[in-house]
1. Between helix 13-28 and the chain, what is the angle of the helix's C-alpha long axis to the longest principal axis, kept within 0 to 90° and rounded to the nearest 10?
2. Using a Gaussian network model of the chain whose springs link C-alpha atoms within less than 10 Å, name the residue from 38, 146, 111 with the highest mean-square fluctuation.
3. For residue 12 and residue 116, compute 0.36 nm times the residue count separating them, minus their Cα-Cα distance, and round to one decimal in nm.
4. Quick check for me: using +1 on Lys/Arg Cβ and -1 on Asp/Glu Cβ, what's the dipole size of the range 26-175 about its Cα centre, in debye to the nearest 20?
5. With point charges of +1 on the Cβ of Lys and Arg and -1 on the Cβ of Asp and Glu, referenced to the Cα centre of the chain, which listed residue (29, 214, 44) lies farthest in the positive direction of the dipole?
6. Cut-off 10 angstrom, C-alpha nodes, Gaussian network model of the chain. Which of 232, 172, 14 fluctuates the most?
7. Quick check for me: using +1 on Lys/Arg Cβ and -1 on Asp/Glu Cβ, what's the dipole size of the chain about its Cα centre, in debye to the nearest 20?
8. Quick one: if you stick a label point 7 Å off each Cα along the C-beta vector at residue 103 and residue 75, how many nm between them?
Amino acid sequence: MATKVASDRQGIQSIEVGFRLLNVLAATNRPMMLRDIAKGAGMPAAKAHRYMVSFLRIGIVEQDNSSGRYDLGAYALELGLSGLGRLDPVRLAGPILETLCEEIQETVALAVWGNHGATIVRIVDAGGPITITLRAGTILPLCNSATGRAFAAFYRSPFLKKMLDEELKEISDTSKTAITTVRRQLEKNLTEIRSHGISRASGSLTPGINGFSAPVYDHTGSMVAAITSLGSIGEFNVEWDSPVAKAMLEASKQLSHRLGHGSMTE
């Protein structure tokens, strides 16, 4: 559902003015005296008091009887939780993926954790000369894809751990390498990924293709998706501090913010 806000529509100015007080409370993230709320909203204390009385009546703010300080009330929490429940990372990712694709000129995608693992759900193709064989519904391995490594590093799920153990055993059997050695190498990779906040892969899944994948978090701090970019080796720079990596981290930060991550502390 699209929401259109038109500046020329007639509204109720007093509501807009009153919400300046709520914005001050929300931004400060602690109970406040009336004079400080009024100052932050740029209005006289007497005028702010009338708004606060109404907000108290509907429960969107509350007041401590002993200190007289105001804070957001139970109804504000109810509204916030209701809004968070409506947030859909796949829908919200659309404009962010489009902008990212235009900026880095590479194919980008969004992946979520599905019943069978890290699953691509949305793709924006850069339309370059090399076709990236990635489709919606593609399930990516955890150990040797940028997307899978992002989930292995940042996502928490008993099912993921089970899948990871199965992949490690398969890699060990195929390469004739001790599983302890394979696991040690993976842990080394994951430690590096966590230190940079983004994962990468260079030709390990698809020959000639590099990739980055950045985790997306919701309001609880849990990973809920990954933004992935792919490009051909030689043109796609997989250095940790490359422009592509920085653009990826910024895009994932934007989507995380839309999903409520960090909004309580910013």
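1. 60
2. 38
3. Contour length minus Cα-Cα distance gives 32.5 nm.
4. Roughly 840 debye for the range 26-175.
5. Result: 44.
6. 14
7. On the way: 28 positive and 26 negative charges, 150 e Å.
The calculation lands at about 720 debye.
8. The two pseudo-label positions are separated by 3.9 nm.
The values are calculated or read from the model by the stated rules, or taken from the named source; none is laboratory data. Note that this is a predicted model, so its numbers are computed, not measured. With ideal geometry, Cβ positions are generated from the backbone for all residues, glycine too; neighbour counts draw on all protein chains shown. Calculation scope for accessible area: heavy atoms of the full protein, side chains included, ligands and nucleic acids excluded. Shrake-Rupley method; radii C 1.70, N 1.55, O 1.52, S 1.80 Å.
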